[in-house]
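Asker: The structure under discussion is supplied below as structure tokens; questions concerning it will follow.
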Amino acid sequence: MNNTYLKLFCGGFSQQKLFMLSTNVKLSCLLASFCAFAVWIYIFAGISIPFIHKGRLQNQEDFLLRCIKGKSFKQTCPTNYPTTHYPTNQSRQVCPSYFRWIHEDLKPWKDKGITREMLERAKKTAHFKLVIVKGKVYVEKYRKAIQTRDVFTLWGILQMLRLFPGKLPDLELMFDCEDKPVVPLDKFQGPNASPPPLFRYCSDQWSLDIVFPDWSFWGWAETNIKPWKDTLKDIKEGNKKTKWEDRVPYAYWKGNPYVAQTRQNLLQCNVTLDKDWNTLIYIQDWIQESNQGFKKSSLGDQCTHRYKIYIEGWAWSVSEKYIIACDSMTLYVKSNYHDFFMRDMMPLQQYWPIRDNSKCSSLKFAVEWGNNHTQKAQAIGDAGSKFIQEDLDMKNVYNYMFHSLNEYAKLLRFKPKIPRGAVEFCAEKLMACDVNGSIIRRFMEESLEKVPSDSNPCTLPPPYDPLTLQEFLERKVNSTRQVEIWEDEYWQSKINGQ
């Protein structure tokens, strides 16, 4: 644009004003060109342009996935994610009491710490090594895990780091995605014991494996179970559909009985024309469900009975949280395994214990007791459901992950380093940008943490002192024993004809 055209539009402007106007127009054109170029980059390359102030992103869109489109482009990790955490809410709540078990799980290494030699011995069964250095995640994979367990476990850790950027110290850990624990307690006794630290989803009283939230909190793609945040919403809505007193007054279980003998034994408790154990058992055929689009496997539609049964499978079962969240009184068949939260729940307060060696008679008595003490049975169901819905929401799951890794990192007696051949991992590189349209991509998008947390992690409660822990465990044993006494008296009265 030149001064001749400016005169036509601007009339009798002075030469000085025309010069200033010409300069402004040129700047406007440059700015418009830059904006157009930025939009072109965003549309065709899939790159968003963040506005950063004092080291953190200023709007939610800037923290979305940055997927580079086009087969000729190699997906990379963005370099402009926040590296520090600036929460707006500086107050801290105390974490739920089950966080205390973090100290118990790490106690074997409290005195001597964790050496690199100990860590490398955990490689024997590990599926991957996770390394965090300066806030970046690196993964060294050793073998393929069952289904997508490793993928969604890593995805969950990445989401925790997106919530609390820059909060975790450098660390290295080994993770085993199989079900059963593999670090035996009896092999690592005495002052010179040096057990290998190994994270997994469950453990038992005879093992030293470190428990950690399982993959299903971010979705179980192979069974169409949505991320926990959305599944919990569905269950809450399902709870509203049928009041407790209007629910079927029977015990209910639905699942795959063929993964363990204890579940196959449960089939004998199903109602028949000849025997009524007050129990309804339904076999879940996952192959058939998959072929039919999972139309009959919605967890939000399974809160229709007063009593729901939890029973372990090959080891612990991810179904635990879904069952207890249903407002029904949970009939918890004695289990050998525990996950990261169940150890803090109390019999007769948040669930009803069931014998594993006489399931049918134990289940029948539990239902009889509940139907004769409806207010107490409903209160137990409500308390268990409240624990799951409030203390096990995703905020606390991430808090638990943070504190578990933070306390673990304090025990390391070596400087974490990036392994040769390890690959930097981020949300964009962990399949989220590679499987467009798939259920994996959908679950990742639904569980993506888009902005850092507006608060710090909750405050970790102190370890149990030995006396308090002993008293807590004795209360659990005594509560279970009380139920067994009532049950024995019930069946004895039947024998006596009362």
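Asker: Do you know which residues across the range 373-417 are part of a helix (DSSP H, G or I) and of a type in the set (A, V, I, L, M, F, W, C)? Even if it seems obvious, please write down each step before you answer.
Answerer: Start the filter on the range 373-417 by keeping residues that are part of a helix (DSSP H, G or I), which leaves 374-391, 394-410.
Those that are part of a helix (DSSP H, G or I) and of a type in the set (A, V, I, L, M, F, W, C): 377, 379, 380, 383, 387, 388, 394, 397, 401, 402, 405, 409.
Asker: Could you say which residue among 349, 302 is touching a residue at least 12 places away in the same chain (Cβ under 8 Å), farther than 18 Å from residue 234 by Cα and polar (S, T, N, Q)? Reasoning before the result, please.
Answerer: On the way: 302 fails: farther than 18 Å from residue 234 by Cα.
When all the criteria are applied, what remains is 349.
Asker: Looking at 291, 239, which is the one that is modelled with pLDDT of 95 or more, within 30 Å of residue 442 (Cα to Cα) and polar (S, T, N, Q)?
Answerer: 239
Asker: Still on this structure, please answer the following. Looking at residue 302, is it surrounded by fewer than 18 Cβ atoms within 10 Å (Cβ to Cβ) and either within 25 Å of the chain's Cα centre (by Cα) or assigned by TED's automatic domain parsing to the domain that holds residue 355 (or both)?
Answerer: Details: surrounded by fewer than 18 Cβ atoms within 10 Å (Cβ to Cβ): no; either within 25 Å of the chain's Cα centre (by Cα) or assigned by TED's automatic domain parsing to the domain that holds residue 355 (or both): yes.
So residue 302 does not fit the description; no.
Asker: Moving to a separate point now. Of (1) in contact (Cβ under 8 Å) with a residue 60 or more places away in the chain; (2) closer than 25 Å to residue 204 by Cα; (3) in contact with a Phe, Trp or Tyr (Cβ under 8 Å, 6 or more places away or on another chain); (4) not in a helix (DSSP H, G or I), residue 321 satisfies all except one. Which?
Answerer: (4)
Asker: Turning to a different aspect of this structure: How many residues does the range 186-216 contain that are over 21 Å from the mean Cα position of the chain (by Cα) and of a type in the set (D, E, K, R)?
Answerer: Total satisfying the criteria: 2.
Asker: Let me ask something else. Among (1) more than 20 Å from residue 416 (Cα to Cα); (2) out of contact with any strand residue (DSSP E or B) (no Cβ under 7 Å at 6 or more places or on another chain), there is one condition residue 110 misses while meeting the rest; what is its number?
Answerer: With respect to (1) more than 20 Å from residue 416 (Cα to Cα); (2) out of contact with any strand residue (DSSP E or B) (no Cβ under 7 Å at 6 or more places or on another chain), residue 110 is out only on (1).
Asker: Closer than 21 Å to residue 138 by Cα, at pLDDT 95 or above and either assigned to a helix (DSSP H, G or I) or among the charged types (D, E, K, R) (or both) - does that describe any residue in the range 418-439?
Answerer: no
The values are calculated or read from the model by the stated rules, or taken from the named source; none is laboratory data. Keep in mind that what you see is a predicted model, and the values were worked out from it rather than measured. Every residue, glycine as well, gets a Cβ built from its backbone with ideal geometry; the counts of neighbours run over all protein chains shown.
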